[in-house]
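Visitor: Supplied in structure tokens, the structure appears directly below.
Quick note: the coordinates plus some simple rules give every number you see, no bench work behind them. Keep in mind that what you see is a predicted model, and the values were worked out from it rather than measured. Heads up, the Cβs are rebuilt from the backbone with ideal geometry, glycines too, and the neighbour counts pull from every protein chain shown.
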Amino acid sequence: MHAEPNAPATTRVFIALAPPDEAKDELAEALAPAYAAYPRMRWNRIEDWHLTLAFLGELPLASVPPLRPALADLAAARRPLELGLRGGGQFDERVLWTGIDGDLDGLHLLSDEVRALIGECGIPFEGRPLRPHLTLARARRDDPAAVVESAAGLAGFTGRRWRARRLHLVGSNFGRGPGPIRYRDIDSWDFQG
Ligand code: 2AM
């Protein structure tokens, strides 16, 4: 066996939860006016929607395998979290997101545990503090109103509660370059029960 000539020696990795389709469908419906009004925003693909617990950045490929049993054990020891999607907001007039509702204490605890485990696997981790959100789109620099108005349009949105049943280890160096960033599960594990 030999490596593919263009295979990257690093991969961009994060650990995340994902809402089920029913919760995503509701939010997509609430976003319909914004999709129609702001087609120039860079909208994330619905199948890529996720809630990041820890962003590890660009890692050597060899750093990934030790994470897998550690994350598997963590997922097996934790119960699914009950969460919801609610409202909208923006970072820096560029990033549009929907907020997270529900068991936020459990979410912070899970994120802390995931982050500790990354360190235990020997991966230096200097993440930003968790600000629970699910990113929906990025506005172009010349169009900050798009993100501010889209966020305002989500103010009254309260999605159903759902259970985050799986922990996902995601790679994101697919389709790098001018096109949209593509995410792909490297692996995922059911929480207990
Ligand atoms: P975002 O949802 O706020 O955009 C993949 O890029 C995931 O990792 C995204 O969910 C993104 O957060 C998060 N992410 C990207 N760059 C990051 C960084 N430098 N620090 C923390 N999280 C980051």
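Visitor: Being out of contact with any helix residue (DSSP H, G or I) (no Cβ under 6 Å at 6 or more places or on another chain) and not acidic (Asp, Glu) is the filter here; which residues of the stretch 139-153 pass it? Can you show your working first?
Guide: Here is the first cut: in the stretch 139-153, the residues out of contact with any helix residue (DSSP H, G or I) (no Cβ under 6 Å at 6 or more places or on another chain) are 140-149, 151-152.
140, 141, 144, 145, 146, 147, 148, 151, 152 - these are the residues of the stretch 139-153 that are out of contact with any helix residue (DSSP H, G or I) (no Cβ under 6 Å at 6 or more places or on another chain) and not acidic (Asp, Glu).
Visitor: Would you mind finding the one in 34, 54, 23 that is buried (at least 19 other Cβ atoms within 10 Å of the Cβ), more than 14 Å from the ligand (Cβ to nearest atom) and under 21 Å from residue 188 (Cβ atoms)? Steps first, answer last, please.
Guide: Working: 34 fails: under 21 Å from residue 188 (Cβ atoms); 54 fails: more than 14 Å from the ligand (Cβ to nearest atom).
Result of the check over 34, 54, 23: 23.
Visitor: With the checklist (1) of a type in the set (Gly, Ala, Ser); (2) outside any helix (DSSP H, G or I); (3) farther than 20 Å from residue 146 by Cβ in hand, flag the one item residue 88 doesn't pass.
Guide: (3)
Visitor: Right, here's the next one. Tell me, please, whether a residue that is surrounded by fewer than 19 Cβ atoms within 10 Å (Cβ to Cβ), within 16 Å of the ligand (Cβ to nearest atom), in a helix (DSSP H, G or I) and touching a residue at least 24 places away in the same chain (Cβ under 8 Å) can be found in the stretch 69-85.
Guide: The answer is no; no qualifying residue exists.
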